[in-house]
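Notes follow the structure.
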Amino acid sequence: MRTSGRSAAVDDDRREFKLLGRRQLSGLDLARPVTTGARSRAVLELQQNYGRLQFRALVGGEFVPGEGDRIAWRVRSWETVRPTPQQGLLRGALLPGLPERLGDEATGGLNANLDRGALPAGRLVIDRAGYDQKSSPVLFATAVDLLLHILLAGAFGSPAEPVIRSWVATGRIPESLPRFDVEA
């Protein structure tokens, strides 16, 4: 999806952007118990233009719904041993990896949802990333937030396209997460 100022593309997986996890942030937070759901994996690339500058962020991960009232999460952050540029989902190449400065912002994109206790129970891993020299930390936080919507939509059978279209059209992500059935 594309406008003159923003673009987004989603794929099931891109192993060439796998993070090996030299450094990772992780946690266990309160979550909402769920009754159903399926494993969901996706990779998302965003591009946003600011005047003549073009910022890009690629993130990917997996969500597996689980029992109980906790979500275990992990964000891997590392510049990979293979610094060879790889073709992204949108036009142009990206370097596989997630440098520390971008990893901290990526985790920030996840924290807002964790703090609200709005996520379903399960396991969430952010383990794919790509960047270029002009990558924006703010765009990485946005990408992780949007990826979370996409993963939850996939896990609970909701369409992800409306959320992606909303970001491309307005630069905003709806605050409400995709619907999932909560245990009574």
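The values are calculated or read from the model by the stated rules, or taken from the named source; none is laboratory data. Remember, it's a predicted structure, so these values are computed and weren't measured experimentally. As a convention, Cβ positions derive from the backbone with ideal geometry for all residues, glycine included, and neighbour counts pool all protein chains shown. Calculation scope for accessible area: heavy atoms of the full protein, side chains included, ligands and nucleic acids excluded. Shrake-Rupley method; radii C 1.70, N 1.55, O 1.52, S 1.80 Å.
Which percent of the accessible area of region 32-96 is formed by carbon and sulfur heavy atoms (probe 1.4 angstrom)?
48
Shape verdict for region 55-154, please, from the Cα gyration tensor: rounded (a/c under 1.5), prolate (a/b greater than b/c) or oblate. Since a/c reaches 1.5 and a/b is larger than b/c, the shape of region 55-154 is classed as prolate.
The 1.4 Å probe gives accessible areas that order Glu67, Glu161, largest first, as Glu67, Glu161.
Where both bridge residues fall in region 62-137, DSSP classifies roughly 65% of the beta bridges as antiparallel.
Dipole check for region 26-156: with +1 at the C-beta of Lys and Arg, -1 at the C-beta of Asp and Glu, and the Cα centre as origin, the magnitude is about 320 Debye.
The residues of region 22-123 have, on average, 49 Å² of accessible surface per residue, using a 1.4 Å probe with all protein chains present. With the helix formula -39500 (n - 2.57) applied to DSSP H stretches of n ≥ 4, the chain reaches a computed 222 nm mean residue ellipticity of -8500 deg cm²/dmol. Considering only alpha-carbon pairs that sit under 8 angstrom and 6 or more positions apart, the relative contact order computed for the chain is 31 percent.
Rolling a 1.4 Å probe over the protein heavy atoms of region 98-147, with every protein chain left in place, gives an accessible area that is 47 percent carbon and sulfur.
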